[in-house]
Amino acid sequence: MFFGAGNLIFPVHLGQLAGVHWFSAALGFLFSGILLPLGALLALAITRAEGIFDLARPLGKGLALTFLILVHATLGPFFATPRTATVPFSMFASHFAPSMQGLALLIYSGIFFGIVYFMSLKEGKITERIGKLLNPIFLILLFVIFLFAFIKPMGSADTTKASEAYLTASFTNGFLEGYNTMDALAALAFGITVVTAIKSWGIKSAKETSISMAKAGVVGMAGIAIIYLISIFLGATSLHHFALSENGGTAFAQIANFYMGPIGEALLATLSTITCMSTAMGLVIAFAQDFHKRFPQISYKIFLTVNCGISFVFANLGLNQIIAWSTPVLMFLYPIAIALIFLGITSPLFQNDATTYRLTVFFAFIPAIFDMLNASPAVISQTTLAKTLTAFAGQYFPFFNLGFGWFTFGICGYFLGLVAHFIKAKTGNQNFEMEE
């Protein structure tokens with residue numbers, strides 16, 4: 001479920017952007033694309049939370065519900081789920097005349113989300129359908145492309161040119177590029193689906209469920225990390241034959257055509273459709289399960305129908321528009337998600353104290369607003385107000401120009417929270433001793 005639309009195109013695109021600096025960029029990408037999702041699963045395991053709401057519960061019910069809705073709206077009908085249809089379509093869209101691409105996308109996305117809807121109606125079958133059918137097919141198809149690339153490399157990555165942003169900050173830009181996979185958010189959202197699947201195998205206790213989730217996360221993420229490294233390297237070497245692509249989907253199609261001609265492109269279209277469909281299933285099921293749990297008066301089927309319908313509509317805006325508008329949203333949500341993941345992992349240190357949660361998230365929230373404005377399309381980022389605010393942040397927020405304005409703020413909030421927790425604990429013990 002974790003390897004879907006963005007996971008196919010963004011590593012290849014990152015390789016093209018980073019060029020000779022592909023490896024340092026890859027390390028940054030692995031931090032945000034692998035370690036953060038793994039950390040999210042570990043946070044769920046440690047806190048024994050079933051998903052986003054439970055993990056964010058120390059912030060208060062209202063804030064936890066708000067964050068759940070924002071994440072699911074991003075992973076669901078507005079960005080990630082529509083992207084699962086537009087990414088595979090973009091890989092063979094060049095075969096249609098420009099005037100026909102709108103109609104072709106309409107038909108393709110309609111069929112795509114129709115299949116996703118009917119395969120997701122019975123939520124209990126998610127493990128069988130994704131694990132036993134779609135994933136093995138996807139892995140075989142991906143292996144074929146990588147095998148051709150290994151036998152006949154397109155050139156040396158060490159002699160390719162890096163884009164300007166990656167000449168001096170390849171690691172940090174690679175880290176931010178990993179946001180586009182949305183996997184840290186997805187890991188939080190998939191928590192309830194993973195827990196449901198584990199329990200269906202006969203594992204009942206909370207401790208055994210947590211251990212199983214952690215083990216599955218380590219094994220699965222290690223496999224995805226290998227795929228990322230190969231894809232990023234492949235993107236860097238492709239610069240010997242192709243110009244920098246617009247979104248990565250085109251680059252992947254060109255690479256497949258280079259090695260296997262039209263057959264390669266057909267293979268890639270099949271591969272991307274299968275893996276993106278499996279991710280779409282995971283997303284729409286997690287969305288429907290989580291919202292049905294919070295609003296039980298509305299059925300799972302209704303939430304599933306609404307999600308698939310809105311996703312179909314937004315998919316027809318096209319991949320480039322989806323990416324352009326999802327970037328600022330991710331720059332806002334990711335710092336909050338990172339704070340919650342870190343808090344969940346270290347929660348035994350402060351006994352899940354709500355004060356530590358609230359201070360850490362609040363301090364990370366402040367620069368996240370400025371990051372969102374800075375990453376917005378020109379219609380927002382070039383307004384007088386936005387330029388004034390981002391100029392202020394660039395001058396006074398450490399690392400803001402690198403996209404890491406949240407880092408020092410979050411650390412300060414965390415340590416203030418720890419201090420507050422230990423003061424409360426000490427004061428409470430003293431009061432108890434005085435009463436005795």
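Every number in this text was worked out from the coordinates using simple rules, so none of it is lab data. None of these values were measured; they are calculated from a predicted model. Neighbour counts are summed over all protein chains in view; Cβ atoms, including those assigned to glycine, are modelled from backbone coordinates with ideal geometry.
Couple of notes before you dig in:
- Across all directions, the average projected area of the convex hull around the alpha carbons of the stretch 228-375 is 12.8 nm².
- A simple spin-label model places pseudo-atoms 7 Å from Cα toward Cβ; at Lys215 and Leu402 they are separated by 3.8 nm.
- Angle of helix 319-350 to the longest C-alpha principal axis of the chain, folded into 0 to 90 degrees and rounded to 10: 40°.
- Seen through its C-alpha gyration tensor, with square-root eigenvalues sorted a ≥ b ≥ c, the stretch 348-417 comes out prolate because a/c lies at 1.5 or above while a/b is bigger than b/c.
- A dipole drawn for the chain from +1 and -1 charges on Cβ atoms has a positive end, and of Leu121, Leu333, Ala43 the residue lying farthest that way is Leu121.
- Projecting label points 7 angstrom from Cα along Cα→Cβ for Asn320 and Lys387 puts them 2.4 nm apart.
- Maximal additional length on extending the Phe148-Ile115 stretch stands at 8.8 nm, based on 0.36 nm per residue less the C-alpha distance.
- Tilt relative to the chain, helix 101-119 - C-alpha long axis, 0 to 90 degrees, to 10: 50
- Amide H to amide H, with H built 1.01 Å from N, Phe404 comes under 5 Å of no residue 5 or more places away or on another chain.
- Crossing angle, helix 5-18 versus the chain [Cα axis fit, 0-90 degrees, rounded to tens]: 80
- Computed over the alpha-carbon pairs of the chain, the distance histogram in 10 Å steps reads 5, 21, 31, 26, 13, 3, 1, 0, 0 percent, short to long.
- Using the Cβ-Cβ distance between Leu103 and Asn352 with R0 set to 60 Å, the FRET efficiency from 1/(1 + (r/R0)^6) comes to roughly 0.70.
- Fully extended contour minus Cα-Cα distance, from His240 to Ala378, at 0.36 nm per residue: 46.5 nm
- Compactness check for the stretch 319-436: Cα Rg over 2.2 N^0.38 Å is 1.36.
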